[in-house]
Amino acid sequence: MEQSEKVSVLIALYNAEKFIRDTLFSITNQTWENIEIIVVNDGSQDSSGEVIEGLNIPNLKLYNRKNAGQCASSNFGLSKSSGKLIKFLDADDIIAHDCIEKMV
């Protein structure tokens with residue numbers, strides 16, 4: 001299957017340091033390769049942002065913002081996305097390795 005369509009995976013994050021690593025690894029291990037990951041840190045009080053920065057994922061953009069709620073952070077992430085297709089995830093979601101390919 002041709003993988004020309006870019007998929008933007010958007011995560012609104014709040015205090016998910018215990019989960020975000022596994023969530024991001026489930027995205028980076030996808031069979032669909034044309035993915036950008038946008039994480040909007042919605043004013044987390046834990047070390048979620050530091051965990052993400054320490055992973056050095058090249059196709060990931062992290063935006064740190066003042067807490068405004070999940071909807072506002074999701075909309076902000078959407079405004080920063082460049083993919084034609086969008087996949088919203090919560091910060092504690094784990095997806096199967098072929099989830100995005102099957103959805104496309």
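The values are calculated or read from the model by the stated rules, or taken from the named source; none is laboratory data. Bear in mind the structure is a predicted one, so any value in this text is a computation, not a measurement. Using ideal geometry, Cβ is built from the backbone for each residue, glycine included, and neighbour counts are taken over all protein chains shown. Remember, those area values only see protein heavy atoms, side chains included, never the ligands or the DNA or RNA. Shrake-Rupley method; radii C 1.70, N 1.55, O 1.52, S 1.80 Å.
Count of the stretch 1-27 residues, restricted to those that are surrounded by fewer than 17 Cβ atoms within 10 Å (Cβ to Cβ), among the hydrophobic types (A, V, I, L, M, F, W, C) and part of a helix (DSSP H, G or I), is 1. The condition (being open to solvent by less than 60 Å² (accessible area, probe 1.4 Å) and either at pLDDT 95 or above or in a loop (DSSP other than H, G, I, E, B) (or both)) is satisfied by just one residue among 61, 87: 87. Looking across the stretch 30-58 at every residue that is without any contact (Cβ under 8 Å) to a residue 40 or more places away in the chain and of a type in the set (Ser, Thr, Tyr), the one that is surrounded by the fewest Cβ atoms within 10 Å (Cβ to Cβ) is identified as 47. Being surrounded by fewer than 14 Cβ atoms within 10 Å (Cβ to Cβ) and in contact (Cβ under 8 Å) with a residue 60 or more places away in the chain is a property that residue 82 has.
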